[in-house]
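Below: the structure, in structure tokens.
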Amino acid sequence: MPSTKIKILAITGSTRNNSSNFKILQYISNHLKAEFEVAIFENIATLPHFNPDLDTENPPQEIISFRNKIEQSDGVLICTPEYVFSLPGSLKNAFEWCVSTTIFSNKMTGLITASASGEMGHEQLLLIMTTLGAKFDDKTQLLIQGVRGKINVDGEIIGEETKHALQNFIKNFENHFL
């Protein structure tokens, strides 16, 4: 009898093709144990602008699909850059579509901010995910500063300190499921 894999939805907060954040999610996906199945959601830019008038029993189809992906996952990974000392607008927009739901309530969530500085964006990410009821702790969140100098074009982590931090993050995230 085959065992069911642990389903993880990975969301990149960047709308840039092949961004550092996407590469980090790929790295994590490749280094999680075989018990995990990761799907990377790259369509953050295609979600309609949040409008409370549309957040009814019949929200836009893209929102239904996005919410279902979160709800059907066992856990969520989020890796985002910081834009203008905040979260990217497209990622915040996606979170706004989730406020009227309980899809993040007690959902194991790994949070990474990977940017030039990232401190303020990371604080906002933690605040928003706390507000949404996501489950995370100090060991399942990570701030990677100066990310462009720590990952190459092939998606390889080139700094030993960053590689070590990501390996610890992965181990701690896995431990919540295994």
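The values are calculated or read from the model by the stated rules, or taken from the named source; none is laboratory data. Everything numeric in this text was worked out from a predicted model, so none of it was measured. Ideal geometry is used to build each Cβ from the backbone, glycine not excepted, and the neighbour counts take in all protein chains shown.
In the set F95, F50, F22, which member is of a type in the set (F, W, Y) and not in a helix (DSSP H, G or I)? Give the derivation first.
Working: F95 fails: not in a helix (DSSP H, G or I); F22 fails: not in a helix (DSSP H, G or I).
None of the others qualify; the one that does is F50.
Just one of the numbered conditions (1) touching a strand residue (DSSP E or B) at 6+ places or on another chain (Cβ under 8 Å); (2) surrounded by 17 or more Cβ atoms within 10 Å (Cβ to Cβ); (3) under 25 Å from T101 (Cα atoms) is not true of I128; which one?
With respect to (1) touching a strand residue (DSSP E or B) at 6+ places or on another chain (Cβ under 8 Å); (2) surrounded by 17 or more Cβ atoms within 10 Å (Cβ to Cβ); (3) under 25 Å from T101 (Cα atoms), I128 is out only on (1).
Filter the range 8-49 down to the residues that are under 13 Å from G155 (Cα atoms) and of a type in the set (K, R) and list them by number.
K23
So the check is Cβ under 6 Å with 6+ separation or different chains; which pairs have a first residue in the range 144-156 that's loosely packed, with under 15 Cβ neighbours inside 10 Å and a second one that's part of a loop (DSSP other than H, G, I, E, B)?
N152/I158
Kindly check whether there is at least one residue in the range 43-54 that is under 12 Å from the mean Cα position of the chain (by Cα) and closer than 26 Å to K150 by Cα.
There is at least one residue in the range 43-54 that is under 12 Å from the mean Cα position of the chain (by Cα) and closer than 26 Å to K150 by Cα.
Select from the range 99-125 the residues that are without any contact (Cβ under 8 Å) to a residue 40 or more places away in the chain and in contact with a Leu (Cβ under 6 Å, 6 or more places away or on another chain) and write down the one among them that is surrounded by the fewest Cβ atoms within 10 Å (Cβ to Cβ).
Q124
Just for the range 157-173: of the residues that are of a type in the set (D, E, K, R) and loosely packed, with under 12 Cβ neighbours inside 10 Å, which one is modelled with the lowest pLDDT?
Restricting attention to the range 157-173, the residues satisfying the condition of being of a type in the set (D, E, K, R) are 160-161, 163, 171.
Those still in the list that are loosely packed, with under 12 Cβ neighbours inside 10 Å too: 160-161.
Working: E160: 92, E161: 95.
Per the stated criteria, the residue is E160.
Restricting the search to the range 71-96, which residues are farther than 20 Å from H122 by Cβ and either small (G, A, S) or buried (at least 23 other Cβ atoms within 10 Å of the Cβ) (or both)?
Of everything in the range 71-96, just one residue is farther than 20 Å from H122 by Cβ and either small (G, A, S) or buried (at least 23 other Cβ atoms within 10 Å of the Cβ) (or both), namely S73.
If you go through the range 140-178, how many residues are more than 19 Å from the chain's Cα centre (by Cα) and of a type in the set (G, A, S)?
The qualifying residues number 2.
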